[in-house]
Ligand SMILES: O=C(O)c1cc(C(=O)O)c2c(n1)C(=O)C(=O)c1cc(C(=O)O)[nH]c1-2
Ligand SMILES: O=C(O)c1cc(C(=O)O)c2c(n1)C(=O)C(=O)c1cc(C(=O)O)[nH]c1-2
Ligand SMILES: [Ca+2]
Ligand SMILES: [Ca+2]
């Protein structure tokens, strides 16, 4: 714990001096948000932690199938909603159950 | 329906005349409560209905085992309660779970 | 505003007088029961249903009166976290309010000086299967209080739906003892308020709709030990009939009838539960209550008078022995369960003789007054002239002269029977104004069609055997399904209805009246109302969060008169809403009768407390604030 | 009493002036949106969260003021039949009040002239599995209103927990259209109040605690047709970044960051849901709102700044395009989800220049004021000086200068981090008094220990990865677990806290302030309180049935000013009570923090309406009576 405090007050000083903004991260400096790779891109790993999660001991091992599920669900909702809206706009009657929406012309 | 009304007004008359109290039921008179076998025992069957349910088309077919269950449950509760109270009176501590009541002397 | 002088005035009149009166009534024997009687007479308390053993829901307070009731406003409120019907009323003792809700029957103690902090909570874990065997919502009608004796602490008693009777330390809320009084496995539940008399706590059971044979039991308040139990049916021994039972009125029936008025062993599943209210007379040493409907509802299935269901009992409180019993509805055909309130009064009868009376607005539509010393029938009037199953009660025999047109039996559909199974009166706790000698009745105005069917008895299952359709009585609006209730002022000696008013829905919870010439009651659609006791004029009302099925109480605290009432729609009229039922015949016909209730109110549950101008504990907003400010 | 002259006085001053003012603001183009603006300015309505598009919860009414607020009393109440937290507030439009509760999201219309009768009810059937994926109780924050255009009727919109957005006919309550906006199968729910702007209805989603990637969608009010959808993470196209996005503040970041500040495809499960409040400026044509926390909470699992979670967005309401976006907490390590209220004001900045501002008390403990025309940071002060994760915000870059001592990461337990995950501010809707130029903040005062853990992502399952312990901040009483909230008066230009007061619990629901120099707010332990906006002095309070997690509103009806508020404890602080949890780390740490709440209040749910003296629709008790009387 002790080193965290020391480093953080050092970082506080450097900010006060107006340095280190939008500069490359200082190796092993505690992450205080001020060492930016680019505007809006200022994350650094905690000292001693990997730059990358994937492949490291902190790899979340994401399953691409799981990661795709939200978009799939959104697309399916969109499709059902589009059917409802199309019929509502055409016939003035709103039918929620897409299986009951007549698939006639118009 | 009609005869029910007729008979009931007849029965009303007989009551008004002070008759039929605590007398044997009048056969086929509509049940109006006034033809008593004995004080506090005035039930009669509806006209055309059996005097006895058991053996009739309205036999409820009671199962004696089912009919016994309430008393059994009450006896068991009584027994558990008695254990609780006995221990409470002896030791000043109330234990609900009868399985946890020590079975020592006193 | 005029707060301080206003309070001072009452401190030096009403409350001081009350204190003197209470002090005067202290007897040298300092029994806990005497202390309970003392406490009950103080305006600062409401220690039992009915306020005192007279069970008349009447308060001598007049700080709130017909002149100023328009200024009545909420002073504070409390939700107890449970929906379902909130029947009965809280207790108020020694500066605390004790609140008890429906299943799961949570109990709370609040300090009147700062009700914003909960002093204690008793939150029992109960089997959810208790819900499944409750007939009419999962209600509870309240608590009992015993003041302690130095050795045993002051206790609060409650019945749980799961059949347990619990004694809680009134200071801490901790369980003091807990026993089993009814077994849900055979369909027996508890919804009643227990009743404390002379260091005993009395309780009945519920479950006649499941064929439960009723009993009342007295337990030692200090230990939970069973003192006596009296059944409603069976042998004279089980019934605890005194040797001289009904000696004054042999025509009511005496020995052996608990078995001989039943076929075979049907008395074992014959109902007659008592789940309503008690009263007690220290003079007669009798406790009074009613037994309920015989089981099943299908009358063809139980030939006989079915004694002693539907009976007003007067039982010696020490031994449980019945001194008298009057069966109001022999061989019930309509579910006119007679557990309704028993209000005690002393009045001159029509011959001018001062008598100790008991008045009981029965579910069957007749309001009975008996001499509570011997059971003599003093009067029996129709609550409403639309009652049609009975022509009148024969005053000599006590027999209701039935109109066979409205009989119910197998293979027959009875129509337009008034009252309906819900009765013209049900579990409401009504009031009696002794100054005016009138009873203030919260009544139902509901009629029915009824068609029985056969079914087998299985312990723990519903055992009713009738299909019902219920609707407003002739004075209501059947089209609109409104006009289902009445409020009535009744003189038990003359039979006169001094005034009556129709209500949209049943006045299910009862009434409370005061020396301020006011009668208060809640409505199913959610209003607390105040009328002039003398004229019935509606003087004031307030829209509560939810419908009312309990009765109002009143108490004084720090010189201010408060009126408190539970809100929380439910009970039998609310089953449609509570269990989300739509079939009109569901809920034994209540769903149809009260189908419009949902257009007026939704579920809720808690207590509302009113005072003139809404003054109360938070007049100084600093009260109860977080410390550091 | 003095009712009539009192009312008349106000009729001829406040309300008439208001009507004139409203009339003056009518523009010739009679768009429905213009009518909504008109309606919002009338004292008789409260048509959207925040009252007007300024979203300042401020009313120019002064009938109730510091002199007479002591006389405020309940006029009527309504329980909506649902327990669980009641967030947000009802709407009042054209003499009706529209009430919406937590799951199952029943909606009611009540007539202000006789609220005892329900005009209509919308009672949706929802899958109970929606409950299982709600993070923080099953709350709902309210309704939106669209005034109709002659062809399409006036509509009321609600989000259901099951992810459906429903348009209801405001006159009948019938579903007008209903579409799916969020899929509970992937963990997405809806708790937010929809927001109507220019014939579009906007809504976000909930579910970042289940890895739900956030989006805001605009639908055509008339048809439910999707107009645009903007995600919080992913490609610039998905994000709908305008070509000139952040042109005024390139240091905030511009193109591509929605993917490059994430590792791999983590942006697909990266959170940034928006479930809080919106504001709109017809001048800029921008709608303002915040995106919430990145997912999972375990920051080690998502290297990068995680843009554009935690961002104040200004989006063109017609196209959805983001004109600016300012990320307040890059790479969040504490769940400082930034969806908090956006209040619009016009004030002179410290240089004396009059600017159009947006002020946002963020969950991270900083209250940000930006120029709402271009996103320039105007001020960023600590809500409380005990905020410790950040030293200050660099005003040039907008970067929070972190104190690494309070960082959170794997294999490390962060301690004494202030604020806790609940933030020093959360979903409460606060107010701004433009006369005094102060913001009235209902704040939390809660700190925490935080320990991350790894877990896999499975769609539809909780995806948090941290164990929390929460407790009162340094100014509270950790021993007693009280002192968890504050109420504060804040000047956004000077940063001055004009006054502040500690509260026992978090001021979770927000504040409402009025020209009567009053600020109203509800407390978790169940009081509605009124303080003097100038001094913070507590002038009045009332004990509601249950704790408050919503905010008060005020409206005028027939010349009487009313204050209305939901009661019904719940939300994240109430999860312990709502789901009967006991482990202090349960409810993501809320159970421990609010373990004492249950000693003060229980569940309930409904609305309370107050007026001076409690006068209102039932002053004449005949109103609403059953016809025949
Ligand atoms: O026979 C019984 O055991 C029994 C119990 C109860 C009860 O416990 O609530 C009711 C009834 N019957 C009953 O007949 C009845 O009308 C009734 C109404 C209510 C109510 O709370 O609204 N309970 C009961
Ligand atoms: O990230 C989300 O999607 C999300 C949703 C909600 C919600 O919908 O209620 C809350 C939160 N997060 C959250 O972080 C939070 O603190 C919170 C508090 C509450 C509440 O109602 O008290 N909701 C939510
Ligand atoms: Ca019954
Ligand atoms: Ca969140």
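What the table shows:
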read-out	value
Residue match in region C:301-315 (condition: surrounded by fewer than 24 Cβ atoms within 10 Å (Cβ to Cβ) and more than 9 Å from every other protein chain (Cβ to nearest Cβ))	no
Meets criteria (touching a strand residue (DSSP E or B) at 6+ places or on another chain (Cβ under 8 Å), on the phi < 0 side of the Ramachandran plot and assigned to a loop (DSSP other than H, G, I, E, B)) for residue D:408	yes
Residue count, region C:196-233 (criterion: closer than 26 Å to residue C:135 by Cβ and surrounded by fewer than 21 Cβ atoms within 10 Å (Cβ to Cβ))	2
Filter result for residue D:396 (surrounded by fewer than 18 Cβ atoms within 10 Å (Cβ to Cβ), away from ligand 1 (no atom under 16 Å from the Cβ), within 14 Å of chain A (Cβ to nearest Cβ) and not in a strand (DSSP E or B))	yes
Selection count where residues are in contact with a strand residue (DSSP E or B) (Cβ under 7 Å, 6 or more places away or on another chain), at negative phi and not in a loop (DSSP other than H, G, I, E, B), scope region D:584-605	4
Residue C:525 being surrounded by 24 or more Cβ atoms within 10 Å (Cβ to Cβ), facing chain D (nearest Cβ under 8 Å) and either touching a residue at least 12 places away in the same chain (Cβ under 8 Å) or in contact with a strand residue (DSSP E or B) (Cβ under 9 Å, 6 or more places away or on another chain) (or both)	yes
Some residue of region D:451-473 being over 15 Å from residue D:421 (Cβ atoms) and in a strand (DSSP E or B)	no
Sole residue being away from ligand 2 (no atom under 16 Å from the Cβ), in contact with a helix residue (DSSP H, G or I) (Cβ under 9 Å, 6 or more places away or on another chain) and over 23 Å from residue D:399 (Cα atoms), chosen from D:196, D:201	D:196
Among residues of region C:582-629, those that are free of Cβ contacts under 8 Å to residues at least 12 places away in the same chain and in contact with a helix residue (DSSP H, G or I) (Cβ under 8 Å, 6 or more places away or on another chain), counted	3
Filter result for the condition that a residue is without any contact (Cβ under 8 Å) to a residue 60 or more places away in the chain and within 23 Å of the chain's Cα centre (by Cα), over D:219, D:195, D:176	D:219
Long-range neighbours under 9 Å by Cβ, at least six apart or interchain, first residue without any contact (Cβ under 8 Å) to a residue 40 or more places away in the chain within region D:274-291, second part of a loop (DSSP other than H, G, I, E, B)	D:285/D:198; D:285/D:317; D:285/D:318
Qualifying position, being within 12 Å of another protein chain (Cβ to nearest Cβ) and within 16 Å of ligand 3 (Cβ to nearest atom), among C:101, C:187, C:163, C:85	C:187
Criterion (within 16 Å of ligand 3 (Cβ to nearest atom) and at pLDDT 95 or above) met by exactly one of C:267, C:297	C:297
Which listed residue is surrounded by fewer than 20 Cβ atoms within 10 Å (Cβ to Cβ), within 25 Å of residue D:442 (Cα to Cα) and free of Cβ contacts under 8 Å to residues at least 40 places away in the same chain, from D:411, D:385	D:385
Residue D:239 in contact with a strand residue (DSSP E or B) (Cβ under 8 Å, 6 or more places away or on another chain) and at the interface with chain A (Cβ under 9 Å from one of its Cβ atoms)	no
Hey, residue C:390 facing chain B (nearest Cβ under 10 Å), closer than 29 Å to residue C:50 by Cβ and touching a strand residue (DSSP E or B) at 6+ places or on another chain (Cβ under 9 Å) or not	yes
Residue within region D:76-95 that is surrounded by fewer than 24 Cβ atoms within 10 Å (Cβ to Cβ), touching a strand residue (DSSP E or B) at 6+ places or on another chain (Cβ under 6 Å) and touching a residue at least 40 places away in the same chain (Cβ under 8 Å) present	no
Residue list for region C:478-520, restricted to those being in a loop (DSSP other than H, G, I, E, B) and within 22 Å of residue C:554 (Cα to Cα)	C:507, C:508, C:509, C:515, C:516, C:517
Number of the exception - residue C:335 against (1) away from ligand 1 (no atom under 16 Å from the Cβ); (2) closer than 27 Å to residue C:414 by Cα	(1)
Flag if residue D:228 is more than 22 Å from the chain's Cα centre (by Cα), away from ligand 1 (no atom under 16 Å from the Cβ), facing chain A (nearest Cβ under 10 Å) and within 24 Å of residue D:340 (Cβ to Cβ)	no
Residues that are within 16 Å of ligand 4 (Cβ to nearest atom) and closer than 21 Å to residue D:372 by Cα, drawn from region D:216-247	D:216, D:232
Those residues of region D:27-81 which are farther than 22 Å from residue D:99 by Cβ and within 14 Å of chain C (Cβ to nearest Cβ), in sequence order	D:66, D:67, D:68, D:69, D:70, D:71
Any hit, region C:365-372, residues being more than 16 Å from ligand 4 (Cβ to nearest atom), surrounded by fewer than 24 Cβ atoms within 10 Å (Cβ to Cβ), assigned to a strand (DSSP E or B) and within 12 Å of chain B (Cβ to nearest Cβ)	no
Flag for residue C:435 being part of a loop (DSSP other than H, G, I, E, B), more than 22 Å from the chain's Cα centre (by Cα), modelled with pLDDT of 95 or more and more than 14 Å from chain B (Cβ to nearest Cβ)	yes
Selection from region D:11-62 of residues that are crowded, with 18+ Cβ neighbours inside 10 Å, in contact with a helix residue (DSSP H, G or I) (Cβ under 9 Å, 6 or more places away or on another chain) and modelled with pLDDT under 95	D:18, D:22
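Conditions tested, residue by residue: (1) modelled with pLDDT under 95; (2) within 7 Å of chain D (Cβ to nearest Cβ); (3) more than 18 Å from the chain's Cα centre (by Cα); (4) not in a helix (DSSP H, G or I).
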{"site": "A:44", "(1), (2), (3), (4)": "no, no, no, yes"}
{"site": "A:48", "(1), (2), (3), (4)": "yes, no, yes, yes"}
{"site": "A:58", "(1), (2), (3), (4)": "no, yes, no, yes"}
{"site": "A:69", "(1), (2), (3), (4)": "no, yes, no, no"}
{"site": "A:79", "(1), (2), (3), (4)": "no, no, yes, no"}
{"site": "A:87", "(1), (2), (3), (4)": "no, no, yes, no"}
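The values are calculated or read from the model by the stated rules, or taken from the named source; none is laboratory data. The structure presented is a predicted model; accordingly, all values stated were derived computationally and were not measured. Cβ: placed from backbone, ideal geometry, glycine included. Neighbour counts: every protein chain shown.
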